[in-house]
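Taking it in order: structure first as C-alpha coordinates, then the write-up.
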(Lines give C-alpha, C1' and ligand atoms only; values in the text may rest on other atoms or scores of the structure.)
Protein backbone atom coordinates (compact mmCIF):
# COMPACT_ATOMS: atom_id res chain seq x y z
CA UNK A 1 0.00 0.00 0.00
CA UNK A 2 2.82 2.42 0.88
CA UNK A 3 4.58 1.61 -2.41
CA UNK A 4 1.36 2.35 -4.31
CA UNK A 5 1.03 5.74 -2.58
CA UNK A 6 4.68 6.57 -3.38
CA UNK A 7 4.25 5.65 -7.06
CA UNK A 8 0.98 7.61 -7.28
CA UNK A 9 2.63 10.67 -5.70
CA UNK A 10 5.58 10.40 -8.09
CA UNK A 11 3.25 10.08 -11.08
CA UNK A 12 1.24 13.15 -10.00
CA UNK A 13 4.45 15.16 -9.53
CA UNK A 14 5.64 14.23 -13.02
CA UNK A 15 2.28 15.19 -14.50
CA UNK A 16 2.37 18.58 -12.75
CA UNK A 17 5.91 19.25 -13.98
CA UNK A 18 4.92 18.39 -17.56
CA UNK A 19 1.98 20.81 -17.47
CA UNK A 20 4.21 23.90 -17.11
CA UNK A 21 3.74 25.81 -20.35
CA UNK A 22 5.56 28.39 -22.39
CA UNK A 23 4.16 30.48 -25.20
CA UNK A 24 5.01 31.39 -28.76
CA UNK A 25 3.21 34.22 -30.53
CA UNK A 26 2.43 34.54 -34.22
CA UNK A 27 0.58 37.79 -34.92
CA UNK A 28 -2.44 37.56 -32.64
CA UNK A 29 -2.51 33.77 -32.57
CA UNK A 30 -1.06 32.26 -29.37
CA UNK A 31 0.53 28.85 -29.59
CA UNK A 32 1.18 26.90 -26.36
CA UNK A 33 4.34 24.83 -26.19
CA UNK A 34 5.24 22.75 -23.18
CA UNK A 35 8.55 23.97 -21.74
CA UNK A 36 9.85 20.55 -20.93
CA UNK A 37 8.97 19.34 -24.39
CA UNK A 38 10.56 22.18 -26.39
CA UNK A 39 13.94 20.44 -26.31
CA UNK A 40 12.11 17.20 -27.07
CA UNK A 41 10.41 18.84 -30.05
CA UNK A 42 13.76 20.21 -31.26
CA UNK A 43 15.14 16.67 -31.15
CA UNK A 44 12.65 15.52 -33.81
CA UNK A 45 15.19 15.89 -36.55
CA UNK A 46 16.82 13.70 -39.15
CA UNK A 47 19.89 14.27 -41.28
CA UNK A 48 20.82 13.90 -44.91
CA UNK A 49 24.38 13.75 -46.16
CA UNK A 50 25.55 16.25 -48.75
CA UNK A 51 28.96 16.79 -50.24
CA UNK A 52 30.60 20.00 -48.98
CA UNK A 53 33.04 21.67 -51.42
CA UNK A 54 34.89 23.52 -48.64
CA UNK A 55 35.57 20.40 -46.58
CA UNK A 56 35.89 17.99 -49.47
CA UNK A 57 33.63 15.35 -47.92
CA UNK A 58 29.98 14.69 -47.07
CA UNK A 59 28.52 16.44 -44.03
CA UNK A 60 25.28 15.89 -42.14
CA UNK A 61 22.61 18.46 -43.01
CA UNK A 62 19.63 18.75 -40.63
CA UNK A 63 16.16 17.99 -41.92
CA UNK A 64 13.65 19.66 -39.61
CA UNK A 65 10.30 18.01 -38.86
CA UNK A 66 7.11 19.92 -39.66
CA UNK A 67 6.60 20.48 -35.93
CA UNK A 68 9.99 22.23 -35.73
CA UNK A 69 9.35 24.23 -38.91
CA UNK A 70 6.16 25.61 -37.34
CA UNK A 71 8.29 27.13 -34.58
CA UNK A 72 10.61 29.01 -36.94
CA UNK A 73 10.36 32.76 -36.38
CA UNK A 74 8.22 32.23 -33.27
CA UNK A 75 9.06 33.66 -29.89
CA UNK A 76 9.65 30.76 -27.49
CA UNK A 77 10.73 30.33 -23.89
CA UNK A 78 13.24 27.66 -23.05
CA UNK A 79 15.00 26.44 -19.91
CA UNK A 80 18.62 25.43 -20.04
CA UNK A 81 22.21 26.14 -19.16
CA UNK A 82 24.66 28.78 -20.34
CA UNK A 83 27.73 27.37 -22.07
CA UNK A 84 30.12 30.34 -22.10
CA UNK A 85 32.22 31.02 -25.17
CA UNK A 86 34.58 33.61 -23.70
CA UNK A 87 34.97 33.07 -19.97
CA UNK A 88 32.51 33.17 -17.12
CA UNK A 89 31.11 36.69 -17.26
CA UNK A 90 28.08 38.42 -18.75
CA UNK A 91 27.69 37.94 -22.48
CA UNK A 92 25.31 38.84 -25.27
CA UNK A 93 26.41 35.81 -27.31
CA UNK A 94 26.77 32.32 -25.89
CA UNK A 95 25.69 28.72 -26.37
CA UNK A 96 22.64 27.45 -24.54
CA UNK A 97 22.21 23.78 -23.66
CA UNK A 98 19.42 21.51 -22.51
CA UNK A 99 22.02 19.94 -20.22
CA UNK A 100 24.57 21.27 -17.71
CA UNK A 101 28.09 22.07 -18.90
CA UNK A 102 29.55 18.64 -18.01
CA UNK A 103 26.85 16.82 -20.01
CA UNK A 104 26.43 19.14 -22.99
CA UNK A 105 27.06 18.52 -26.69
CA UNK A 106 30.52 20.09 -26.58
CA UNK A 107 31.68 17.63 -23.91
CA UNK A 108 30.48 14.69 -25.97
CA UNK A 109 27.49 13.81 -23.80
CA UNK A 110 24.63 14.91 -26.08
CA UNK A 111 23.68 15.59 -29.68
CA UNK A 112 23.73 18.86 -31.65
CA UNK A 113 19.95 19.18 -31.24
CA UNK A 114 20.46 19.89 -27.52
CA UNK A 115 22.26 23.23 -28.00
CA UNK A 116 21.49 26.57 -29.60
CA UNK A 117 23.32 29.80 -30.32
CA UNK A 118 22.03 32.77 -28.38
CA UNK A 119 22.14 36.46 -29.28
CA UNK A 120 20.64 38.45 -26.41
CA UNK A 121 19.49 42.04 -26.31
CA UNK A 122 21.30 42.66 -22.99
CA UNK A 123 24.26 40.80 -21.46
CA UNK A 124 23.18 37.79 -19.41
CA UNK A 125 25.30 36.96 -16.39
CA UNK A 126 26.79 33.46 -16.34
CA UNK A 127 25.23 30.99 -13.94
CA UNK A 128 25.91 27.29 -13.50
CA UNK A 129 22.22 26.95 -12.57
CA UNK A 130 19.40 26.46 -15.05
CA UNK A 131 17.86 29.67 -16.38
CA UNK A 132 14.89 30.51 -18.59
CA UNK A 133 15.24 32.72 -21.66
CA UNK A 134 12.86 33.96 -24.32
CA UNK A 135 13.63 34.79 -27.94
CA UNK A 136 12.88 34.24 -31.62
CA UNK A 137 13.80 30.78 -32.94
CA UNK A 138 15.77 30.65 -36.18
CA UNK A 139 16.45 27.35 -37.98
CA UNK A 140 19.76 26.85 -39.78
CA UNK A 141 20.24 24.05 -42.29
CA UNK A 142 22.71 25.68 -44.66
CA UNK A 143 25.58 27.28 -42.68
CA UNK A 144 27.71 24.47 -41.26
CA UNK A 145 29.74 26.99 -39.24
CA UNK A 146 26.73 27.79 -37.07
CA UNK A 147 24.44 25.74 -34.85
CA UNK A 148 21.20 24.45 -36.34
CA UNK A 149 19.15 26.31 -33.70
CA UNK A 150 19.67 30.03 -33.12
CA UNK A 151 17.73 32.12 -30.62
CA UNK A 152 17.73 35.85 -31.42
CA UNK A 153 16.56 38.96 -29.52
CA UNK A 154 16.84 36.96 -26.28
CA UNK A 155 15.75 38.21 -22.89
CA UNK A 156 16.29 36.57 -19.52
CA UNK A 157 12.93 35.46 -18.14
CA UNK A 158 13.86 33.66 -14.92
CA UNK A 159 16.39 31.78 -12.89
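Residues in the range 63-77 that are surrounded by fewer than 18 Cβ atoms within 10 Å (Cβ to Cβ), closer than 13 Å to residue 148 by Cα and either in contact with a strand residue (DSSP E or B) (Cβ under 6 Å, 6 or more places away or on another chain) or modelled with pLDDT under 95 (or both): 63, 72.
Considering only residues that are surrounded by fewer than 18 Cβ atoms within 10 Å (Cβ to Cβ) and not in a loop (DSSP other than H, G, I, E, B), which ones fall in the range 118-135? Reasoning before the result, please.
Pass one, the range 118-135, residues surrounded by fewer than 18 Cβ atoms within 10 Å (Cβ to Cβ): 119, 121-123, 125-130, 132.
If the condition is that a residue be surrounded by fewer than 18 Cβ atoms within 10 Å (Cβ to Cβ) and not in a loop (DSSP other than H, G, I, E, B), then 119, 121, 122, 123, 132 are the ones that fit.
Which residue, of 96, 105, is without any contact (Cβ under 8 Å) to a residue 12 or more places away in the chain and surrounded by 15 or more Cβ atoms within 10 Å (Cβ to Cβ)? Only one candidate qualifies: 105.
In the set (1) touching a strand residue (DSSP E or B) at 6+ places or on another chain (Cβ under 9 Å); (2) within 28 Å of residue 46 (Cβ to Cβ); (3) surrounded by fewer than 19 Cβ atoms within 10 Å (Cβ to Cβ), the condition left unmet by residue 84 is number (2). Do we have any residue at all in the range 22-38 that's surrounded by 11 or more Cβ atoms within 10 Å (Cβ to Cβ), at pLDDT below 50, under 19 Å from residue 118 (Cβ atoms) and touching a helix residue (DSSP H, G or I) at 6+ places or on another chain (Cβ under 8 Å)? Yes: the range 22-38 contains one or more residues that are surrounded by 11 or more Cβ atoms within 10 Å (Cβ to Cβ), at pLDDT below 50, under 19 Å from residue 118 (Cβ atoms) and touching a helix residue (DSSP H, G or I) at 6+ places or on another chain (Cβ under 8 Å).
The values are calculated or read from the model by the stated rules, or taken from the named source; none is laboratory data. Since the structure is predicted, the reported quantities are computational estimates derived from the model, not experimental observations. Because the Cβ atoms are built from the backbone with ideal geometry, glycine has one as well, and the counts that use them run over all protein chains shown.
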